[in-house]
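Notes follow the structure.
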Amino acid sequence: MKILQIPLLRDNYGYLLVCEKSKQAAIVDPSEADPVLRRIEQEQVTLQAILNTHHHRDHTGGNDGILAQRKAQVYGHKSDSARIPGLTRGIDEGDEIEFGESRGRVLFIPGHTTGHIAYLFDNNLFCGDTLFTAGCGRLFEGTPEQMHTSLKKLMALPDNTKVYCGHEYTESNLRFAMSVEPKNPKLVSRFERVQGLRSRGVSTVPSTLEEEKQTNPFLRWDSKEIQASVKSAKPDARLDPVSVFTAVRKMKDAF
């Protein structure tokens with residue numbers, strides 16, 4: 001399967017997934033239609049599916065425009081039938097997705113929204129706004145407990161899993177990470193590398209799950225340095241995993 005990253009809006013990414021043998025394709029999170037339709041034409045592929053990770057407009061805004069030009073099944077969580085434009089396939093944890101000879105499975109990962117899902121094709125994870133490179137999504141609809149559970153589920157995947165998230169937020173996320181864990185050498189190294197990439201306009205996505213475990217503050221609730229940063233901000237803070245995650249999320253919201 002070939003993965004083509006398509007820059008959309010100001011800082012979104014859509015992903016055109018192409019089964020190279022059949023030339024059938026799926027698009028993940030098309031926030032706008034025209035760039036996606038142009039890429040489909042350029043690649044000379046047949047669109048089979050729209051794969052939405054959640055209902056937010058910056059991930060589904062292109063659905064109607066694409067459907068006006070192409071016939072495709074629209075996938076999203078079964079709870080979002082009234083919130084995802086054109087939804088035809090309501091799916092949930094463990095369901096399988098097929099187009100051409102490509103096969104993936106669905107992970108239910110609520111927190112950012114109550115109906116958020118991810119798509120896993122081999123070692124390629126399309127996780128929308130739940131897990132970002134060096135960050136995680138805001139809790140617009142779910143609870144800290146839900147988000148923590150969802151992130152733990154993603155952390156259980158193999159370290160070589162490639163993380164394809166919905167936005168180019170890596171540099172700003174790492175700037176926050178440096179404020180809560182400045183002595184982490186892997187984080188310092190990643191921040192310097194990402195700054196170099198972004199200065200040249202180069203995408204920083206995908207990362208790997210191993211890199212996220214080493215440098216993403218929202219996955220590092222066991223870090224003593226992060227726990228100390230939490231205590232410094234709120235001396236009476238509890239240091240169990242969910243409490244540390246919750247505190248770090250609140251610190252990022254105010255950063």
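Bear in mind these aren't lab numbers, they're just calculated from the coordinates by the rules spelled out. Only a predicted model underlies this, so the values are computations on that prediction, with no experimental measurement involved. Here the Cβ positions follow ideal geometry from the backbone for every residue, glycine too, while neighbour counts run over all protein chains shown.
Over the chain, with a Gaussian network built from C-alpha contacts below 10 Å, which listed residue (195, 73, 44) shows the highest mean-square fluctuation?
44
Any idea what angle helix 34-43 forms with the longest principal axis of the chain, computed on alpha-carbon atoms, 0 to 90 degrees, nearest 10?
The angle comes out near 70 degrees.
Among DSSP beta bridges lying fully in the chain, give the percent that are antiparallel, nearest 5.
Taking every DSSP beta bridge within the chain, about 65 percent pair in antiparallel fashion.
Which number do you get for Rg(Cα) / (2.2 N^0.38 Å) in region 1-108?
0.97
Do any of 2/78; 162/183; 186/234; 21/71; 2/183; 78/153 go past 31 Å between their Cα atoms, and which?
The pairs that break the limit, which is 31 Å between Cα atoms, are 2/183.
Could you work out the percent of alpha carbon pairs in the chain separated by over 31 Å, rounded to a whole number?
That tail contains 23 percent of the Cα-Cα pairs.
Using +1 at the C-beta of Lys and Arg and -1 at the C-beta of Asp and Glu, which of 137, 233, 243 has the Cα lying farthest in the positive direction of the dipole of region 132-255?
Toward the positive end, the furthest listed residue is 233.
Could you work out the longest stretch of the chain that avoids the GluC sites (Glu not before Pro) located in DSSP loops with at most 13 other Cβ atoms within 10 Å?
Result, exposed sites excluded: 102-255.
How much mean residue ellipticity at 222 nm does the chain get from its helices, if each DSSP H run of length 4 or more adds -39500 (n - 2.57) and you divide by all residues, to the nearest 500 deg cm²/dmol?
-10000 deg cm²/dmol
Averaging sequence separations of C-alpha pairs under 8 Å and six or more residues apart, then dividing by the length of the chain, give the relative contact order as a whole percent.
Answer for the chain is 13 percent.
Angle, helix 224-233 long axis vs. longest principal axis of the chain, Cα atoms, 0 to 90°, nearest 10?
80
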